[in-house]
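Below is one structure, written out as structure tokens; comments come after it.
The values are calculated or read from the model by the stated rules, or taken from the named source; none is laboratory data. This structure is a prediction, so every number in the text was calculated from the model and none was measured. Methodologically, a virtual Cβ is constructed for each residue, glycine included, from the backbone with ideal geometry; neighbour enumeration extends over all protein chains shown. Only protein heavy atoms, including side chains, enter the accessible area calculation; ligands, DNA and RNA are left aside. Shrake-Rupley method; radii C 1.70, N 1.55, O 1.52, S 1.80 Å.
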Amino acid sequence: MNSSDLDDYRWLVSDEAAKWLHHAAEQQNNLVSLTSQLRRQLSARRTHLILDQVQLRRRGRVKFKAADQMFFTRKGLQQATGQTVAEYKAARFDSAISVVDLCCGIGGDLLALREGRSVQGVERCAVTALLAAANCCRLSSERTKVLGRDLLVSDVADVQAWHLDPDRRVKGGRTVQIQLQQPNDDMISKLLERNRNGAVKLAPASVVPDAWLEQAQIEWISHARECKQSVVWFGELADKPGRRSATHLTPDGKAEHFHGLCDLPVPVAPDVARFVVEPDPAILAARLNGALAAAMNLQAISSAAAYLTADSPLQSRLTTSFEIQEMLPFEVKRIRRLLRERQIGHLELKKRGVRIDLIHLRKQLSCQGEHAGTLLLMPRGRGTIAVLARRAS
Ligand SMILES: C[S@@+](CC[C@H](N)C(=O)[O-])C[C@H]1O[C@@H](n2cnc3c(N)ncnc32)[C@H](O)[C@@H]1O
């Protein structure tokens, strides 16, 4: 990053660029004419920044209600915690009124943490730090300081709690190994020695060090049918130290939780009942499907896949129930015939525990018709079964 790059980003967040951003957002359907209009007045670099920003804001709407007023980099948007999850996490900081957000990126978590608190961000990338500060400034009249430098252990000394979202994209790829993240587990231990009230965001599949498992609460959080992240809550932020939790967030941010022991075995049902039950992605990532099955008195369809079976649909948001209409061996011709008979043109395809290319299968099935259905593929006994069902919850 050179200083003229940073200057261009400073311009991007200025009032002068705001009118170009507004104009570009209105004219984006005619890209060729828009580009030549911008190029008549702006440098190639600034034209690119405006066009890119308009596109990023459009994509950002999936994560942020106010995306059209925010600033992103491509990487910053990808890495940002979406608003619903960030607001849920921020609420868990409860009574902590002074918080530092380490590795704050463009401010996904920072924006939510700020509400009612004194919060400071720390971000090593100068451009990203500039955008985080601009985002905070755009979305509130309160000033939030964002320090554009590497985090220090002393950053957590004088605050009640801290949040850290390490960079998992190292050397071009992604890692789930905490030792390879930036900052790594050694640095996190030093932060904890200085202030034990910390929350560390991780990828859902990250392997958590044994030493953390006893003292911390680990929570996997799902939203919009996807496990978005896990959070390791330390000190007073852990309301259930030593526990694993799965949390499902509804579109409007309501939370349903499940706590339990991981990797409990699930008995396999001798017969598949009326419903297939799919545990929430957070339950699966937390490896709590055995505990969930025990708590809800469910059996598995197969020991090799996570689908469970029940006589009636379950009301919990931590499960989705599918009412079985037909169950058959996995044979493409038979499935195609069944879908044609039932005129199923809108088919949701799902699989667990089997290696089947769903894109290829969809082409093979060439569905036509006015009805909708779900086809679930899974192992059962020595073979693979296909279950035609309809969503019941
Ligand atoms: C996963 S992103 C943070 C996303 C953020 N929580 C959000 O919701 O927008 C991680 C950020 O950490 C920054 N980073 C990595 N190492 C750092 C360090 N030692 N000090 C400060 N920032 C760092 C990276 O530049 C990157 O922007």
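Summing charges over neighbours of Arg194, with a neighbour being any other residue whose Cβ is under 11 Å away from its Cβ, gives -1 when K and R count +1 and D and E count -1.
Which order do peptides 108-119, 328-339 fall in by mean Cβ count within 10 Å, highest first? Walk me through the numbers on the way to the answer.
On the way: 108-119: 22.6, 328-339: 14.7.
Final packing ranking: 108-119, 328-339.
Which residue, Glu370, Glu123, Glu226, has the most motion in a Gaussian network model of the chain that connects Cα atoms within less than 10 Å? Looking only at Glu370, Glu123, Glu226, the biggest GNM fluctuation is shown by Glu370. Shown for region 77-259: the carbon plus sulfur share of the solvent-accessible area, taken with all protein chains present and a 1.4 angstrom probe, equals 47%. Here the chain carries DSSP beta bridges of which approximately 60% are antiparallel, counting only pairs with both residues inside. The peptide list 340-349, 300-309, 86-95, put in order of mean Cβ contacts within 10 Å with the highest first, becomes 300-309, 86-95, 340-349. For Lys351, the lysines whose Cα comes closer than 30 Å to its Cα, not counting residues fewer than 8 places off in the same chain, are Lys63, Lys201, Lys228, Lys254, Lys333, Lys363. Accessible area per residue for region 3-60 is 58 Å², calculated with a 1.4 Å probe on protein heavy atoms, without ligands, DNA or RNA.
The distance separating the Cα centre of region 246-302 from that of region 350-393 comes to 20 Å.
Within the same chain, aspartates and glutamates fewer than 8 places from Lys65 are excluded, and of the rest, those with a Cα less than 18 Å from its Cα are Glu87, Asp109, Glu115, Asp252. Taking the average, over residues, of other Cβ atoms within 10 Å as the packing measure, peptides 255-267, 213-225, 149-161 rank 213-225, 149-161, 255-267 from highest down.
Ignoring everything but the protein chains, give the 1.4 Å probe accessible area of Thr35 in square angstrom, nearest 10. Here the residue's solvent-accessible area equals roughly 40 Å².
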